[in-house]
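The values are calculated or read from the model by the stated rules, or taken from the named source; none is laboratory data. If you're wondering where the values come from, they're calculated on a predicted model, not measured in any experiment. Glycine also receives a Cβ, built like all others from the backbone with ideal geometry; neighbour counts cover every protein chain displayed.
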2 protein chains.
Amino acid sequence: MDARIALQNVLHTEIPITRRIGIQVEHCEINRIVLTAPLDPNINHKCTAFGGSLYSVAVLAGWGYIYNNMSIHKLDGHIVIQHSDVNYKAPVDGQIRAECKMEEPENLYRFIKTYKRKGRARLELQVKIFFNNTEAMVFNGQYVVHQ
Amino acid sequence: MDARIALQNVLHTEIPITRRIGIQVEHCEINRIVLTAPLDPNINHKCTAFGGSLYSVAVLAGWGYIYNNMSIHKLDGHIVIQHSDVNYKAPVDGQIRAECKMEEPENLYRFIKTYKRKGRARLELQVKIFFNNTEAMVFNGQYVVHQ
């Protein structure tokens, strides 16, 4: 199955509220995940996206990045968010679009190597939400994967 | 109207996804807000609460704390989350229960005073999610309120 469809099915099946948020996988590549969600189900009183929904899409873009790379390496494991730091920089009054891009692939290789050896590894990921070509949110997450 | 019911109505009306998450206001006091949500709509593949849902309940406990205190002081304004830092310490495999408690009320008084003078003020709040008497998540949020 196509990696994009596989990730979307996993999200919708394993974390049912992702269907309520309306999360779609737009890109699922080895170094890049893009998730989207429509504004409508995530709207707040100011007609912009609720900060908790922005967070949910961002944390899952990082989760999806690890899930996809674990699948590529035929590895199983529990992917858990351990710490996050979030800056909200501008409101989003349209589609939510969160991109997780690995700028330093050696971090991923080190993570995979550690996980194979120890059955546990940690990875820092950055996810950005852009709106109208402006950074609307920057999410830094520390994920732990364990068997 | 009772402050607890008023806050719950505001959340459910102004941020509709709070109904999907199942957020209820358990306590709405001058120095303490407690929000809850059932596990079921927020469950993940490990039968624990999805980290994005924990975040949503926590960020709204802080939002509700400010909303309630603004109401008490008969002030209007837009309450916006600007920055957050989150530590996930243990899984939650039952009801989500997030508590925002103001340990230093002078911070609130300073915030209200600044807002009245400048029409804009900033407040740092801590929200904790406990499960089985253990800290499961600690959320530190910086909120900005503006006219």
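Applying the condition of being assigned to a loop (DSSP other than H, G, I, E, B) and in contact with a strand residue (DSSP E or B) (Cβ under 8 Å, 6 or more places away or on another chain) to the stretch A:16-41 and asking which residue is nearest to residue B:16 (Cα to Cα) yields A:39.
If I ask for residues that are farther than 16 Å from residue B:74 by Cβ, more than 12 Å from the chain's Cα centre (by Cα) and β-branched (Val, Ile, Thr), which ones from the stretch B:100-137 would you list? B:114, B:134 - these are the residues of the stretch B:100-137 that are farther than 16 Å from residue B:74 by Cβ, more than 12 Å from the chain's Cα centre (by Cα) and β-branched (Val, Ile, Thr). For residue A:5, the requirement of being more than 8 Å from chain B (Cβ to nearest Cβ), modelled with pLDDT under 95 and out of contact with any Lys or Arg (no Cβ under 6 Å at 6 or more places or on another chain) is not met. Restricting attention to the stretch B:92-106, the residues that are in contact with a strand residue (DSSP E or B) (Cβ under 7 Å, 6 or more places away or on another chain) and within 14 Å of chain A (Cβ to nearest Cβ) total 3.
Scoring residue B:34 on the criteria (1) in contact with a His (Cβ under 8 Å, 6 or more places away or on another chain); (2) within 14 Å of chain A (Cβ to nearest Cβ) leaves a single failure, condition (2).
Candidates in the stretch A:95-106 are the residues that are surrounded by 14 or more Cβ atoms within 10 Å (Cβ to Cβ) and part of a loop (DSSP other than H, G, I, E, B); of these, the one that is modelled with the lowest pLDDT is A:102. Of all residues being of a type in the set (A, V, I, L, M) and more than 12 Å from chain B (Cβ to nearest Cβ) in the stretch A:70-91, which is surrounded by the fewest Cβ atoms within 10 Å (Cβ to Cβ)? Just the residue, please. Out of the qualifying residues, it is A:72. Tallying residues that are assigned to a strand (DSSP E or B) and either free of Cβ contacts under 8 Å to residues at least 12 places away in the same chain or basic (Lys, Arg) (or both) within the stretch B:119-140 yields 3. Candidates B:65, B:109, B:55: the one that is away from chain A (no Cβ under 14 Å), surrounded by 15 or more Cβ atoms within 10 Å (Cβ to Cβ) and assigned to a helix (DSSP H, G or I) is B:65.
Do we have any residue at all in the stretch B:22-31 that's touching a residue at least 60 places away in the same chain (Cβ under 8 Å), touching a Pro at 6+ places or on another chain (Cβ under 7 Å) and not hydroxyl-bearing (Ser, Thr, Tyr)? Checked the stretch B:22-31: at least one residue is touching a residue at least 60 places away in the same chain (Cβ under 8 Å), touching a Pro at 6+ places or on another chain (Cβ under 7 Å) and not hydroxyl-bearing (Ser, Thr, Tyr).
For the stretch B:35-52, the criterion of being out of contact with any Ser or Thr (no Cβ under 7 Å at 6 or more places or on another chain), under 18 Å from residue A:57 (Cα atoms) and among the basic types (Lys, Arg) is satisfied by no residue at all.
Under the condition of being out of contact with any helix residue (DSSP H, G or I) (no Cβ under 9 Å at 6 or more places or on another chain) and surrounded by 15 or more Cβ atoms within 10 Å (Cβ to Cβ), the residues counted in the stretch B:112-129 number 1. Annotation: residue B:47 fulfils all but one of (1) within 13 Å of another protein chain (Cβ to nearest Cβ); (2) touching a His at 6+ places or on another chain (Cβ under 9 Å); the unmet one is (2). Return the residues of the stretch B:25-50 that are more than 17 Å from residue B:66 (Cα to Cα) and touching a Phe, Trp or Tyr at 6+ places or on another chain (Cβ under 6 Å); say none if nothing qualifies. Listed by number, the residues that qualify are B:42, B:44. Does the stretch B:20-36 include one or more residues that are surrounded by 15 or more Cβ atoms within 10 Å (Cβ to Cβ), aliphatic (A, V, I, L, M) and more than 30 Å from residue B:104 (Cβ to Cβ)? Scanning the stretch B:20-36 turns up no residue that is surrounded by 15 or more Cβ atoms within 10 Å (Cβ to Cβ), aliphatic (A, V, I, L, M) and more than 30 Å from residue B:104 (Cβ to Cβ).
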